[in-house]
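Scroll down for the structure; my scribbles are underneath it.
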Amino acid sequence: MTSPRPERVPDPPRPVSEVVRWVDIVAEPLDADAVAASLDDLAAGAVCVFVGRVRDHDEGRDVSGLAYEAHPSALERMREVAERVAAEHDVRGLSVVHRIGEIPIGGAAVVAAASAAHRWESFRATEALVDILKAEVPIWKHQTYSAGDAGWVGVDTEG
């Protein structure tokens with residue numbers, strides 16, 4: 001059972017350019033601590049960090065490898081998503097970094113974080129950021145299965 005959102009006075013609005021701190025697509029391993037540190041702000045009472053990791057299974061199949069590819073517009077689209085989430089939530093800071101290329105099982109594929117005066121908004125903003133990023137940013141996942149076959153996940157290749 002979730003608790004109701006506490007009544008409080010929101011912080012004064014901040015320019016989106018001050019709220020969105022770090023948006024990037026990289027080929028190197030991700031550092032969740034560095035993403036969280038990018039949101040350092042003494043007015044933030046909460047920092048929510050989401051780390052999306054590569055798991056060893058998908059839809060009942062064993063996964064042995066995974067790689068992500070990004071469309072040339074992906075970084076711009078990711079920034080647009082971050083700015084939209086920043087404008088819609090009472091947050092102090094927002095950062096998101098996605099990895100591309102081969103990522104080992106257990107490795108981090110995406111780190112998203114939001115800081116806010118209160119935990120409720122940091123949770124909501126982080127959840128929105130990840131959900132919208134997965135739905136709208138053209139970054140594609142190619143999985144290799146233990147059985148030896150491979151395929152794109154969530155991509156219509158029949159089209």
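The values are calculated or read from the model by the stated rules, or taken from the named source; none is laboratory data. Remember, it's a predicted structure, so these values are computed and weren't measured experimentally. Please note: Cβ atoms are built from the backbone with ideal geometry, for glycine as well, and neighbour counts cover all protein chains shown. Ligands, DNA and RNA are stripped out before the accessible areas are found, and what is left, the full protein with its side chains, is counted by its heavy atoms. Shrake-Rupley method; radii C 1.70, N 1.55, O 1.52, S 1.80 Å.
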| task | From (1) in contact (Cβ under 8 Å) with a residue 60 or more places away in the chain; (2) charged (D, E, K, R); (3) closer than 23 Å to Thr144 by Cα; (4) in contact with an Asp or Glu (Cβ under 9 Å, 6 or more places away or on another chain), pick out the condition that doesn't hold for Asp56. | result | (1)
| Failed item in (1) over 21 Å from Val155 (Cβ atoms); (2) of a type in the set (A, V, I, L, M); (3) in contact (Cβ under 8 Å) with a residue 60 or more places away in the chain, with Ala67 passing the rest | (1)
| task | Give the residues of the range 110-159 that are of a type in the set (D, E, K, R) and within 17 Å of Ala36 (Cα to Cα), sorted by residue number. | result | Arg119, Glu121, Arg124, Glu127
| request: State the number of residues belonging to the range 19-39 that are under 19 Å from Ser122 (Cβ atoms), open to solvent by 40 Å² or more (accessible area, probe 1.4 Å) and in contact (Cβ under 8 Å) with a residue 60 or more places away in the chain. | output: 2
| said: Scan the range 72-81 and tell me whether some residue there is in contact with a strand residue (DSSP E or B) (Cβ under 8 Å, 6 or more places away or on another chain), open to solvent by 90 Å² or more (accessible area, probe 1.4 Å) and not basic (Lys, Arg). | reply: no
| field | Boolean, Lys141 is open to solvent by 10 Å² or more (accessible area, probe 1.4 Å) and touching a Phe, Trp or Tyr at 6+ places or on another chain (Cβ under 8 Å) | value | yes
| query | Do you know which of the residues in the range 106-132 that are under 12 Å from the mean Cα position of the chain (by Cα) and open to solvent by 10 Å² or more (accessible area, probe 1.4 Å) is nearest to Ser64 (Cα to Cα)? | reply | Ala108
